[in-house]
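Q: Here it is: the structure, laid out below.
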Amino acid sequence: MKKGNKNLQRRILALYIAFFAAIIASFWFGTLGSGLAKGFRDGYRVSDQIVNEQAYGNQNYWVGVYYDLPSADSEIDIELNNPTLPDGTKLKARINRVDLMVENNNTILDGSLWKGLTTLMGTPAIFICSWLLVIGYAVIVVMMFLIIRSLRRSIKSENVFDRKNFVRTRIIGALLIVCAVLSALINYLTVNKAAKLLEGSAVILDTSFSVDFWDVLMGIMILLIAEAFAIGYDMTQEQKLTI
Amino acid sequence: MALIINLDVMMAKRKMSLGELSERVDITQANLSILKNGKARAIRFTTLEAICRELDCQPGDIIEYRADDPKNE
């Protein structure tokens, strides 16, 4: 193996390790650290509440939670007192994100959880989009793993510009853009549903359709890289078929 | 494609096998086969020169231009 290839192999190996480290770190800090811990805590509290209600004979009771809703213009600034601050200093807390709990005795909804969820917690489209989003991100992670593995193998066999590599890179780029739009769509549908429930209250939600353009830009960048790979593949084929 | 490779015709005329020609020209049988079957995208002058030398022919005997029929396009 050439010296340049050895260096390339080392760099790919470092990326390989960094990829798994990033996945573990994001899972640990992002999901286990905050999201899952919060979800577990709230889930425990809600299930405890449901069990208590059912123990008192309220068999149709259920609770749903809308997490992390963006607040547009809060009318409920909270004034805080801190006696240690100098005179004339005021503290005001403004609510920017809201968690909304929906409780229902389910008397109108015929005891159907699905009916309850779709009537008060969203539409079937939200649930379908949420699942598509989860699948989309899972495919991205799997594709990234496959690309790094395939790059390592193709460098060993001295055939870096493999067709599979650029096809997978294109899929990642396209999926990133689709997931960004899908995520914005889910947020839009969820926030609008919650906004209807909050009509007339002091909490005003931001119901605008906002896409995370950073993800879209990343997707476009990855698509450009995939095109560079495709050009490399074409040049390799040209070279191979020059006799 | 408008370019027709007549390598097999010249090889048959000279009664030379693919293996023998590939040895004399010093390219692999697989590559010579790509050229013979018209799958090649380009040919080096050195390769063409060696083939012409071994088959005792002109480049035009191996490569022929035939205009594509517009009806078939």
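The values are calculated or read from the model by the stated rules, or taken from the named source; none is laboratory data. Treat the numbers as computed from the prediction; the structure is a model and nothing was measured. Cβ sites come from the backbone with ideal geometry, for glycine too, and all protein chains shown count toward neighbours. All accessible areas refer to the heavy atoms of the entire protein, side chains included, with ligands and DNA or RNA removed. Shrake-Rupley method; radii C 1.70, N 1.55, O 1.52, S 1.80 Å.
Q: Over the protein assembly as shown, average the accessible area per residue using a 1.4 Å probe and give it in Å², no decimals.
A: 66
Q: Show me you know the interface measure: the accessible area buried between B and A, both chains summed, probe 1.4 Å, in Å² to the nearest 100.
A: Buried area between the two chains comes out at roughly 800 Å².
Q: Calculate, for A:Ile78 and A:Ala125, the FRET efficiency according to 1/(1 + (r/R0)^6) with r their C-beta to C-beta distance and R0 41 Å; round to the nearest 0.05.
A: 0.70
Q: Checking buried surface per residue: for region B:1-50, which residues lose a minimum of 50 Å² accessible area in the protein assembly relative to the chain alone (1.4 Å probe)?
A: Correct list: B:Arg41, B:Arg44.
Q: Moving on. Any chance you could run the full-extension gain for A:Ile231 through A:Arg41? It's 0.36 nm times the residue separation minus the Cα-Cα distance, nm to one decimal. Working shown, then result.
A: Numbers: separation 190, 0.36 × 190 = 68.40 nm, distance 5.12 nm.
Gain in length upon complete extension: 63.3 nm.
Q: Can you tell me which lysines have their Cα less than 29 Å from the Cα of A:Lys6? Leave out same-chain residues fewer than eight positions away.
A: Within the straight-line limit of under 29 Å, A:Lys6 reaches these lysines: A:Lys156, A:Lys164, A:Lys240.
Q: Calculate the spin-label point distance for A:Arg153 paired with A:Leu91, positioning each point 7 Å from the Cα along the beta-carbon direction, and give it in nanometres.
A: Here the modelled spin labels are 5.9 nm apart.
Q: Okay, next question. Please sort by residue number the trypsin sites (Lys or Arg not before Pro) in region B:17-73 whose DSSP state is loop and whose Cβ has at most 16 other Cβ atoms within 10 Å.
A: Listed in order of number, the matching sites are B:Lys39, B:Arg41, B:Arg44, B:Arg66.
Q: Run the accessible area of the protein assembly as shown with a 1.4 Å probe and give the carbon-and-sulfur part as a rounded percent.
A: Of all accessible area on the protein assembly as shown, carbon and sulfur atoms account for 60 percent.
Q: Right, here's the next one. By a straight-distance test (C-alpha under 15 Å), which aspartates and glutamates pair with B:Lys13 as possible cross-link partners, with residues fewer than eight away in the same chain excluded?
A: List returned: B:Glu54, B:Asp56, B:Asp61.
Q: Now for a different question. Checking buried surface per residue: for region A:226-243, which residues lose a minimum of 20 Å² accessible area in the protein assembly relative to the chain alone (1.4 Å probe)?
A: Hits at the 20 Å² cut-off: A:Glu238, A:Leu241, A:Thr242, A:Ile243.
Q: Let me ask something else about it. In nm, give the distance between the simple-model label positions of B:Ala67 and A:Gln49, each being 7 Å from the Cα along the Cα-to-Cβ direction.
A: According to this spin-label approximation, the distance is 8.3 nm.
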